[in-house]
Amino acid sequence: MTDSIDKDRDAVARYYAAIAADYDAIEEDEERSEDLEEVADGVAGLVEGMTVLELACGTGRFTEILADVAGHVIAVDSEPAMLGQARERGLDEDLVTFVQADALDLPADLVPDGVDPVKAVFIGFWWSHLTRAHQELMLASLRKRLGKDVLLIVLDDNYIEGKSLPVARTDAQGNTWQIVNTPDGERVELPRNYPTDSSLKKRLANVAREIRVARWDTVWVLTCRLK
């Protein structure tokens, strides 16, 4: 099991390291852009004034949105290339702390001195890359480091027929994979799951309460509080 988990994680990390420099230049269609603008406004309203932990922050697109309203943002990513792009946004260092760390095994000293405890966690477009084994590790790490009553917000893509890449395979646990290409032409198989509302609620039922799922045409958002 451990070897399989490490292989999946390495594939995701390798792919995003390869596309980091071009990630923000990828064009979005108008419908998705409008959905994300509406979602961003809603997320901002939920975390105003809080210390927010952002997992898999990538190039910092949502870090910047969170930093406009949060008391402090701790933006975590395991990929130096992605963090490098995020730091180039020039966000206020008094409001944003970038941390290179494994989001499945968060460090104990995650919160900087003088910063309030984490009250909200935001995960944008990473849940879909987590197999069920990854999800268990991530949720266990959050509960271990943050305790209960923390607000969890998860944002990810809907599967859209004719636009989303086709599913390449499905394993015995129900995880699905897609084949993607890096800029240099390497083919990479990535975990890419598209959960239903009921599967999300079932997945989180043992670790969270007040679970709610909202869907737009292109994306979905889950909110809950850790038990």
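Counting only residues that are basic (K, R) and surrounded by 13 or more Cβ atoms within 10 Å (Cβ to Cβ), how many does the range 170-214 have? Break it down into steps so the answer makes sense when it comes.
Taking the range 170-214 as the starting set, the residues that turn out to be basic (K, R) are 187, 192, 201-203, 209, 212.
So of that shortlist, the ones also surrounded by 13 or more Cβ atoms within 10 Å (Cβ to Cβ) come out as 192, 201, 203.
Within the range 170-214, residues that are basic (K, R) and surrounded by 13 or more Cβ atoms within 10 Å (Cβ to Cβ) number 3.
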Go through the range 38-56 and give me each residue that's part of a helix (DSSP H, G or I) and within 17 Å of the chain's Cα centre (by Cα). V39, A40, G42, V43, A44, L46, V47
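State yes or no: is G90 outside any helix (DSSP H, G or I) and modelled with pLDDT of 95 or more? I'd like the intermediate steps shown before the answer.
On the way: outside any helix (DSSP H, G or I): yes; modelled with pLDDT of 95 or more: yes.
Here the answer is yes, as G90 does meet what is asked.
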Among the residues of the range 77-96, the number that are surrounded by 21 or more Cβ atoms within 10 Å (Cβ to Cβ) and within 20 Å of K144 (Cβ to Cβ) is 1
Which condition number in (1) surrounded by fewer than 19 Cβ atoms within 10 Å (Cβ to Cβ); (2) within 30 Å of L110 (Cα to Cα); (3) under 17 Å from the mean Cα position of the chain (by Cα) is the one that K227 fails? (3)
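Might you check whether a residue that is charged (D, E, K, R), surrounded by 18 or more Cβ atoms within 10 Å (Cβ to Cβ) and farther than 20 Å from R145 by Cα occurs anywhere in the range 36-57? First the steps, then the outcome.
Applying the first criterion (charged (D, E, K, R)) to the range 36-57 yields 37-38, 41, 48, 54.
Okay, now just the ones that are also surrounded by 18 or more Cβ atoms within 10 Å (Cβ to Cβ), so 54.
Filter once more, keeping what is farther than 20 Å from R145 by Cα: none.
No, there is no match, as no residue in the range 36-57 is charged (D, E, K, R), surrounded by 18 or more Cβ atoms within 10 Å (Cβ to Cβ) and farther than 20 Å from R145 by Cα.
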Find the residue count for the range 24-37, including only residues that are assigned to a helix (DSSP H, G or I) and either modelled with pLDDT under 80 or on the phi > 0 side of the Ramachandran plot (or both). 2
Would you check if A75 is hydrophobic (A, V, I, L, M, F, W, C), touching a Gly at 6+ places or on another chain (Cβ under 8 Å), in contact (Cβ under 8 Å) with a residue 12 or more places away in the chain and not in a helix (DSSP H, G or I)? yes
Between V99, V167, which is part of a loop (DSSP other than H, G, I, E, B), surrounded by 13 or more Cβ atoms within 10 Å (Cβ to Cβ), free of Cβ contacts under 8 Å to residues at least 40 places away in the same chain and β-branched (V, I, T)? V167
Going by what's in this entry, would F62 be described as out of contact with any Pro (no Cβ under 6 Å at 6 or more places or on another chain) and part of a strand (DSSP E or B)? no
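The values are calculated or read from the model by the stated rules, or taken from the named source; none is laboratory data. Because the structure is predicted, anything quoted here is derived from the model rather than measured. Counting neighbours? That spans all protein chains shown, and the Cβs are built from the backbone with ideal geometry, glycine included.
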